[in-house]
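A short worksheet on the structure shown next.
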Amino acid sequence: MTADISNLQKSSEEIKEEMFSLMQELFPICRSITGNGVRKTLEIIKKDISLLKFEIPTGTEVFDWTIPKEWNIVDAYVSDLTGKRIIDFQKSNLHVVSYSIPIKKQISLNELKKHIFSNPEKPDYIPYVTSYYNETWGFCLEHNELIKMKDEKYNVCIESKLENGSLTYGEFFIKGESEDEILISTYTCHPSMCNDNLSGVVVATALAKYLKNLKLKYSIRFLFIPETIGAISWLSLNQNKIKNVKHGLVLTCLGDSGHFIYKKSRIGNAEIDETVEKILKKLKKKFEIVEFFPWGSDERQFCSPGFNLPVGSLMRSMYDKFPEYHTSGDNLDFVNKNALKESFEAYFLIILELEKKIGIKNIHSSEEVITSDKESYFLRMNPKCEPRLGKYDIYENFGGQYEKRKKELKNAIFWILNYSDGFHSLEDIARKSKLDLDIINKTASLLESKKLILRN
Ligand code: ZN
């Protein structure tokens, strides 16, 4: 085993150039949770690592979810009656709502506006919008461009296909001396955006490429999956492998110039949590550590109460917290090579540190038990991964109150679903989430009536 990063066959200066050029190659591809964009992405990664490609057919049940139809798109535009393209998929794949059904017709601006998404708060960026589970069509546009559109007729065309096919993901496995594994998971479903999440993809690829040549004690499993549905699918179809996962990290937002932020695993004091903190201190740069919260990326599936795996997420600027997030502003100019390099090094050092300690038992308890003498303990009916909330008409049931307190209620749902494990009472959940107990109580009653949780 190499002692430190200097033992890599290449310098991290060279590796950073490799990561950035891979990002440039992957950037133009229109990816989604299924389809040829993902296959093409995995084919390109395959030039560096011999990953295995898996296809899960449409209709396969994975916990509470079903693999959706496969989506592919060739072209899309909105043109004026002279044929001039006003919105053009060929210029940016973010212009089309991901999973848009095909359409070709002439409509008025008013009609078209019902299918256009823009963000007046970020008027120069195209927003990233998806509609995976609700068949519709739409375009996304810079708000400044939308307001320039004249009140006239437009030709609308989306040349896409939504049909039975499969969900594609990639897996690369490095066999170490031990069966114990480190899980390195990243997502491949976002179209042309760099920090979220080509940065995760290129750092994971580089780690796999350089770790595979080392003699390792741990086995390391790399997942290149579509976010949410991919993690749920992998967990559902690989339950025999889960016992081997001793540590894990979700790679996201690793290319911007912000400082490192580590989101702890749900366990909170797992070896991975301590190891990441130790390495971040060693790097002697500003960093932040945040407690687990039940939304974000795929850590929320790995850390759902039925699995509660020691999986954290080391990122730079947190998703949702930087202005370019989920917009066309998250492009090749937004990320920088040095940030990628530092991210690669941090991950590499974390893995080396875990390697040093393999076999030494973690003396910490794996579950934080909060005692409370109140009686409001609930259990999830199906504690593995998140339920597909869209099926349960939950938001509709909140009525008028919902719009005003949308975010709070949404958060309450996630907190309750993640912490209804028999160990945390509703009072504990209110404390942890910093939400009002009455919102937690009301939400819990609703989730109980939907049979998502039951009183313990
Ligand atoms: Zn995202």
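Here the simple spin-label model places points 7 Å from the Cα toward Cβ, and for Leu332 and Asn456 these points are separated by 5.2 nm.
When the helix-only estimate is applied to the chain (DSSP H runs of n ≥ 4, each -39,500 (n - 2.57), divided by the residue count), what is the mean residue ellipticity at 222 nm, nearest 500 deg cm²/dmol?
Numbers: 14 runs with 137 residues, N = 456.
Computed mean residue ellipticity for the chain: -9000 deg cm²/dmol.
Which of rounded, prolate or oblate describes region 6-70 when judged by the alpha-carbon gyration tensor and an a/c cut-off of 1.5?
prolate
Size descriptors for the chain, from the alpha-carbon set: Rg then Dmax equal 22.6, 72 Å. Note on region 374-455: Rg/Rh from Cα positions, Kirkwood definition for Rh, rounded to two decimals, is 0.93. When only Cα pairs under 8 Å and 6 or more residues apart are kept, what is the percent relative contact order across the chain? It rounds to 16 percent for the chain. Per-residue surface analysis assigns Met381 an accessible area of about 90 Å², computed on protein heavy atoms at 1.4 Å probe radius.
Does region 187-292 come out rounded, prolate or oblate, given a ≥ b ≥ c as the square roots of the eigenvalues of its C-alpha gyration tensor, rounded meaning a/c under 1.5 and, failing that, prolate meaning a/b above b/c? Don't jump to the answer; show the numbers that get you there.
Values: a/c = 1.36, a/b = 1.13, b/c = 1.20.
Rounded is the answer for region 187-292, as its axis ratio a/c remains below 1.5.
Extents of region 223-366, largest first, come to 42, 35, 22 Å (Cα atoms, principal axes, whole angstrom). Restriction of the GluC sites (Glu not before Pro) in region 88-184 to DSSP coil positions whose beta-carbon has at most 16 other beta-carbons within 10 angstrom yields Glu121, Glu135, Glu152, Glu177, Glu179.
Taking a ≥ b ≥ c as the square roots of the eigenvalues of the Cα gyration tensor, region 70-163 is oblate, since a/c reaches 1.5 or more and a/b is not larger than b/c.
In loop segments of region 171-219 as defined by DSSP, the trypsin sites (Lys or Arg not before Pro) with at most 13 further C-beta atoms inside 10 Å of their C-beta are Lys175, Lys215.
Here is the link list: Lys243/Lys451; Lys47/Lys241; Lys53/Lys91; Lys105/Lys150; Lys161/Lys391; Lys104/Lys153. Which ones come out longer than 20 Å on Cα distance? Please list the in-between numbers first.
On the way: Lys243/Lys451 28 Å; Lys47/Lys241 26 Å; Lys53/Lys91 29 Å; Lys105/Lys150 18 Å; Lys161/Lys391 24 Å; Lys104/Lys153 13 Å.
Beyond 20 Å: Lys243/Lys451; Lys47/Lys241; Lys53/Lys91; Lys161/Lys391.
Among DSSP bridges having both ends in the chain, what percentage is antiparallel? Round to the nearest 5. Intermediate values should be presented prior to the final figure.
Numbers: 41 of 63 bridges.
In the chain, approximately 65 percent of DSSP beta bridges are antiparallel ones.
As a ratio to 2.2 N^0.38 Å, the alpha-carbon radius of gyration computed for region 1-141 takes the value 1.38. If R0 equals 30 Å, the separation of the Cβ atoms of Asp88 and Gln24 corresponds to a calculated FRET efficiency of about 0.90. Loop-located trypsin sites (Lys or Arg not before Pro) in region 88-150 (DSSP state not H, G, I, E or B) with no more than 16 neighbouring Cβ atoms inside 10 Å: Lys91, Lys114, Lys148, Lys150.
In whole percent, what relative contact order does region 70-163 give with Cα contacts below 8 Å and a gap of six or more residues?
Values: 198 pairs, mean separation 41.5, N = 94.
For region 70-163, the relative contact order is 44 percent.
In this simple spin-label approximation, Asn134 and Asn164 carry label points 7 Å from Cα along the Cα→Cβ vector, and these lie 2.7 nm apart.
The values are calculated or read from the model by the stated rules, or taken from the named source; none is laboratory data. These numbers were taken from a predicted model, which means no experiment stands behind them. Cβ: placed from backbone, ideal geometry, glycine included. Neighbour counts: every protein chain shown. Heavy atoms of the whole protein, side chains included, go into the accessibility calculation; ligands, DNA and RNA do not. Shrake-Rupley method; radii C 1.70, N 1.55, O 1.52, S 1.80 Å.
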